[in-house]
Amino acid sequence: MDELTSVFVQESREQLAEMEAGLLRLEQDPHDADNINAIFRAAHTIKGASGVIECGFIESFTHKVENILDKLRNGEISVSGPLATLLLECCDHMGRLIDVLEAQQAQPPEDVSNQGEALQVRLTDFLSATEAPPAEEPGAMPIEHESPVEISGGGVVITDGWHISVRFGPNVLRGGMDPLSFLRYLASLGEILGMETIPDSMPEAEEMDPESCYLGFEIHFQTRASKADIERVFDFVQDECELRILPPNSKISEYLKHIEELPEDNMRLGEMLVRCGALTQAELDEALRQQAALTNNEDAGITEGDATEGHQAPQLGEILVEQKVVQKTLVDAAVGKQAQVTEKKAKESRMIRVQADKLDQLIDLVGELVIAGASTNLLANRSGQTELVEATSILSRLVEDIRDSALQLRMVQIGETFNRFHRVVRDVSKELEKNIELQISGGETELDKSVVEKIGDPLMHLVRNALDHGIEPAAVRMATGKPVQGHVALNAYHDSGSIVIEVSDDGGGLKKERILAKAIEKGLIQQGYNLSDQEIVNLIFEPGFSTMEKVSNLSGRGVGMDVVRRNIQSLRGTVDVTTQEGIGSTFTIRLPLTLAIIDGFLVSVEQASYVIPLDTVVECIELNDQPDNKHYLNLRGEVLPFLRLREIFGIEGEIPFRENVVVVQFAGQKAGIVVDQLMGEFQTVIKPLGNIFKHLRGIGGSTILGSGEVALILDVQALVQHCANQEENRKRNAGHATRLLESR
Amino acid sequence: MKTIFLVDDSATILLSISNILSKAGYATEKAGNAEEALKRFNAGVKVDLLITDLNMPGMNGIELIKEVRKLPAYKFMPILFLTTESQQSRKLEAKAAGASGWIVKPATADELLNTIKLVVR
């Protein structure tokens, strides 16, 4: 895919997300004009860009969507539930079309294009519905009453033409200028439809100076020339006359369009108005002069000490409107555009797009740096030179800072992931006919990008569960005296080096008796087993557990909570649930901030070092008088299966006098790992193993120690699994042996 | 027929402008410097428009405009000046001296004639 297309795909996805968010907001507040404009703009951008990359199928479909949004924007149609739903479906379809483009298919496959056609038919229905008699709908867009622009001494602009109001100064004639010649010249630019001579300033006959000019004119003028062209007619008398040129109404909408189309530069208000043709440079200069004069007066006032505090210098826009040079609508439009551009600029300047693999590369290098730094440190310490040790310790502190900053670069806010759920909650609650509101907090909490990518599915499962099983039907809620509207909340926050994500609902909560009964039925626990409430509710994460008798099409798709837990555990995170019957449940997911660096526990067997992820380590004990052939030991009355790394990895050598057992726990199962030496905690950068080592069981990655040695990171999950299997085999073999004995 | 008085120290400009004006149906009077022009105005030359350069050796265009304006007969005569500088200060100075308007050099024939039309009936 060429670069342009991939940029388009990315940009359109962003625009689409904005459009979707806007549409969802639209349902809450159908009269938010800014929001409607934003939705329109997003569609407009996608359409424009798809035209540029010549992707016809996206352009034509988006064009239809844009049409209806335009009507919406102009208040020709009003927001309704079905319309919002249709537009959301259109968003989805546009997403599918972008997928098609990304997959580099020339045309969408038949099913997609059929969907598109069906949507277009529905769009057309909405469009044609509006062509029916335009009944004034209550609640339609309020039309702001624009006070007509007045002209000093003249009437009000009624018809659609330019209105020129000119008052010649007294010295015009003496300067060799004849007012009549200006009017004649004006007539050469267009047609003077009407003209009124304004002799208001003409004095009594005895006071009149025949060499002075006292006349003014109100001219109704039709022309295709621009405002600047008209003004140029009066160029020579500019300083000596008062001139107002008011555009025809049709021209105003043209100006508005121009303002909309102006390039997104940092333009000043005046500049924008001049660029769109609504204001001439001379008018702007005059207004700026006035602004400067007023500001100076203010300053003078302040020094005199009688200025009202907080009184600001007048805005240019205000001056222009007050002077009746430019209509307020135009100033507002320009100010709006300005704000829009600044906002965009500000956003752009705050963000830099970087390819993720470049970041990964940087993190990788930083990892190398950490390792190299550690070995330098080691050597320096060994050399015993104090100065060298000091220098390297400063260096290693800086390296640590760099590592932290580099990891920070990969951090993204979780808000975007959260926001996707607005749509989910809306759609699902409609489907279930429940009234549910989603509350989001902590969206600004940051975590590693790769974690964010992988947390989406488990979160989706939890949210759907909360919607489906958590929140009770409205009737039940009413009966229990709860508000009909249910709440599902997503929350995220940092907690001592990890991030916590909570999915909570104010539904019925989990029913302990049913969970307990189910667990016994499924053989997960034994009858009469004593479990704390907390342990009972967390049984729902056990494989093969589902309390819902009826499988709905939302959750319960054969994917149980055990999958959620497994997914989260694969991110080295944990999940548990707290619940109060009748009040609600909260699922708490706890994740490490990053996947690139872990706290490890360093152990060794013979010469080789191994790292066990610290969060799986429960305790360490000494292995005493253990016969070689037994693979379990008595841990305070509990059977603890264990394995010897020496055996598993086929390490040769003398078994030392003292061996140690690291007790690890994964997914509720405990196992022991027998090693020679315990070397303590160690923060380490994970380096993935190459592809050729993929099939190795029991090893999850590698890292390089300060000494330059390689240490393998143990895959505790696989090792625990191995222990369990070994135990099973042993039992089976033991049974076999007994039978052999009996048969003898 | 309207008569236009041209003052410029450059013979080329005098000629090119007078050619354009003659073709457009104007009569022309010419002077190569301000002193000579002023002499002719003092003598009461009959013209409808004065077009003068600003930068000339000896008396400059602004002084010429001032002097001509002082003469009662030319109180209401339009005066245009030729300028290359679009500088506002220069224009204002000439306007204050009594000029009606200006023509920015280099001007096309149309620009020249349009400006003249603006001030001469």
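The values are calculated or read from the model by the stated rules, or taken from the named source; none is laboratory data. Just so it is clear, the structure is predicted and the values come from calculations on it, not from any experiment. When we count neighbours, we look across all protein chains shown, and the Cβ atoms used for this are built from the backbone with ideal geometry, even at glycine. Note: accessible area is taken over every heavy atom of the protein model, side chains too, but ligands, DNA and RNA are not part of it. Shrake-Rupley method; radii C 1.70, N 1.55, O 1.52, S 1.80 Å.
Report, by residue number, each residue of segment B:1-14 that is out of contact with any helix residue (DSSP H, G or I) (no Cβ under 6 Å at 6 or more places or on another chain), open to solvent by less than 30 Å² (accessible area, probe 1.4 Å) and closer than 16 Å to B:T83 by Cα.
Once the filter is applied, which keeps residues that are out of contact with any helix residue (DSSP H, G or I) (no Cβ under 6 Å at 6 or more places or on another chain), open to solvent by less than 30 Å² (accessible area, probe 1.4 Å) and closer than 16 Å to B:T83 by Cα, segment B:1-14 yields only B:L14.
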First in segment A:712-729 and open to solvent by 50 Å² or more (accessible area, probe 1.4 Å), second anywhere and in a helix (DSSP H, G or I), Cβ under 9 Å, 6 or more apart: A:Q717/A:Q569; A:Q717/A:S570; A:Q717/A:T616; A:H722/A:I648
Pairs with Cβ under 9 Å, 6+ apart, first in segment A:635-660 and polar (S, T, N, Q), second assigned to a loop (DSSP other than H, G, I, E, B) and surrounded by 12 or more Cβ atoms within 10 Å (Cβ to Cβ): A:N660/A:D676
Any hit, segment A:183-194, residues being out of contact with any Leu (no Cβ under 7 Å at 6 or more places or on another chain), open to solvent by 70 Å² or more (accessible area, probe 1.4 Å), modelled with pLDDT of 75 or more and within 14 Å of chain B (Cβ to nearest Cβ): yes
From the options B:A37, B:A109, residue that is over 18 Å from A:S181 (Cα atoms) and touching a residue at least 60 places away in the same chain (Cβ under 8 Å): B:A109
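Residues checked against (1) open to solvent by 40 Å² or more (accessible area, probe 1.4 Å); (2) within 12 Å of chain A (Cβ to nearest Cβ); (3) outside any strand (DSSP E or B):
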position	(1), (2), (3)
B:S16	yes, no, yes
B:L21	no, no, yes
B:K39	yes, no, yes
B:M56	no, no, yes
B:V68	no, yes, yes
B:T115	no, yes, yes
Residue within segment A:207-214 that is part of a helix (DSSP H, G or I), open to solvent by 50 Å² or more (accessible area, probe 1.4 Å) and either within 14 Å of another protein chain (Cβ to nearest Cβ) or touching a residue at least 40 places away in the same chain (Cβ under 8 Å) (or both) present: no
Candidate set from segment B:103-113 (those that are of a type in the set (A, V, I, L, M, F, W, C) and loosely packed, with under 15 Cβ neighbours inside 10 Å); member that is nearest to the other protein chains (Cβ to nearest Cβ): B:V104
Residue identified as over 26 Å from A:Q355 (Cα atoms), open to solvent by less than 20 Å² (accessible area, probe 1.4 Å) and not β-branched (V, I, T) among A:G456, A:G470, A:G415, A:G443: A:G470
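Give the residue that is most open to solvent (accessible area, probe 1.4 Å), with candidates limited to residues of segment A:351-410 that are among the basic types (K, R) and assigned to a helix (DSSP H, G or I).
Looking at the filtered set, the residue picked out is A:R382.
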Criterion: among the basic types (K, R) and surrounded by fewer than 18 Cβ atoms within 10 Å (Cβ to Cβ) - qualifying residue of B:K95, B:K30, B:K91: B:K30
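Considering only segment A:362-408, state which residues are among the aliphatic types (A, V, I, L, M), at pLDDT 80 or above and within 32 Å of the chain's Cα centre (by Cα).
A:L362, A:I363, A:L365, A:V366, A:V399, A:I402, A:A406
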Filtered residues of segment B:72-83 (kept if more than 10 Å from every other protein chain (Cβ to nearest Cβ) and open to solvent by less than 40 Å² (accessible area, probe 1.4 Å)): B:F81, B:L82, B:T83
Some residue of segment A:111-126 being modelled with pLDDT under 85, part of a helix (DSSP H, G or I), touching an Asp or Glu at 6+ places or on another chain (Cβ under 7 Å) and not hydrophobic (A, V, I, L, M, F, W, C): no
Checklist (1) open to solvent by less than 60 Å² (accessible area, probe 1.4 Å); (2) without any contact (Cβ under 8 Å) to a residue 60 or more places away in the chain applied to A:H63, failing item: (1)
Odd one out for A:E54, checked against (1) in contact (Cβ under 8 Å) with a residue 40 or more places away in the chain; (2) open to solvent by 60 Å² or more (accessible area, probe 1.4 Å); (3) not in a helix (DSSP H, G or I): (1)
Subset of segment B:84-102 (residues that are within 13 Å of another protein chain (Cβ to nearest Cβ), closer than 21 Å to B:I4 by Cβ and not in a helix (DSSP H, G or I)): B:G98, B:A99, B:S100, B:G101, B:W102
